[in-house]
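Undergrad: Supplied in structure tokens, the structure appears directly below.
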Amino acid sequence: MQYYAETAFFFEFTLFMRFRKHTALYSLFEPQEKTALLAARIVSGIHYYIKIVVYIGYIAFAVNRITSAINISSYNSSKLSLFTPKRLMIIRIGQWIIPLFFVLPTHSFPGFEFWFTITTSAIRLHNDDLSTAIIAYVDGFWCISTCLFCMVCYFLTTLIIRKSWKNVGKDSKKAARVAAERGLLISALVSFFVLTLNTIVQIVTILNSWGAMKNLLFIQDLSYPMIDLLYSHYPWALLVTSSVLRKQMIYDIKIFLRKTLKLDDASVVRVGHTVSPATMRTSTRAFF
């Protein structure tokens, strides 16, 4: 769930922010045209919408880690896990709907202005002072709140997993589950570390807007490449550090290809093996 949100964020940032700044989209915009003014509003709205989607994903991911660490149980157990298939569906829907209530008021209000300015080196996105302040505070609220919430969750999760690891003893099954939870926690902490850096940038930006750091002008110049670097980690941090995610992604791709290309009727189980209805045996051959 979080991986796909971060993937959407990566492509959105690459297309609308990085390519735009490096003049890759010059031919699509002309200053002061109505289409350009509308495009500026849409580009800004999509960017902040995806950011809140990712923030909500961070919160859900942190809750998932702490509840899973407490239970050390099957993810499909409706009695032991908060993340049942039905609840996961509700979380997915909420993750993509809730941000609309924070983005639409600022980006659909006709009194706010959004526009592009085209220079020889970049296409700049601007908006009026009031909308800039409101959007910055909303974004800062989500970023800082998410960071603090995740910090508490991951601190407790680390303590729980550490305690569970000490109590494993000779139970090999429990040891395997605890080891899996520890691996997933490491993946979560990698993304959380980047979120923490992003939160620091948000705080510095807010302080700079208040004039509290006006003598440190280099902070503002440093924040732009730092943000560019931070947003570029999506979604590779999770993909590289989590073998569970890699297996799940392979499984999802296989299911997508089955439905899209209408391949044979062989069933695909969660671990990625193909079960033939004719032989009813599991093989490790590639799905496609």
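Each reported figure results from applying straightforward, stated rules to the coordinates on display, with no laboratory input. This is a predicted model, so every value here is computed, not measured. So basically every Cβ, Gly included, is an ideal-geometry build from the backbone, and we count neighbours across all protein chains shown.
Undergrad: Step through the table entries 166/254; 86/254; 51/254; 51/86; 51/166, compare each Cα-Cα distance with 30 Å, and write down the pairs that go over it.
TA: As for pairs spanning more than 30 Å Cα to Cα, those are 166/254; 51/166.
Undergrad: For residue 156 and residue 7, what is the calculated FRET efficiency with R₀ set at 30 Å and r taken between the beta-carbons, to the nearest 0.05?
TA: Values: r = 28 Å, r/R0 = 0.95.
Efficiency computed from Cβ-Cβ geometry: 0.60.
Undergrad: Using a cut-off of 12 Å between beta-carbons, work out the net charge of the residues near residue 5 (Lys and Arg +1, Asp and Glu -1, residue 5 not included).
TA: On the way: positive: 51, 92; negative: 6, 12.
Local net charge: 0.
Undergrad: Next question. Tell me, in nm to one decimal, what length is gained between residue 88 and residue 130 on full extension, where the rule is 0.36 nm per residue of separation less the Cα-Cα distance? All intermediate terms of the calculation are to be shown ahead of the outcome.
TA: Numbers: separation 42, 0.36 × 42 = 15.12 nm, distance 3.71 nm.
Full-extension gain reported as 11.4 nm.
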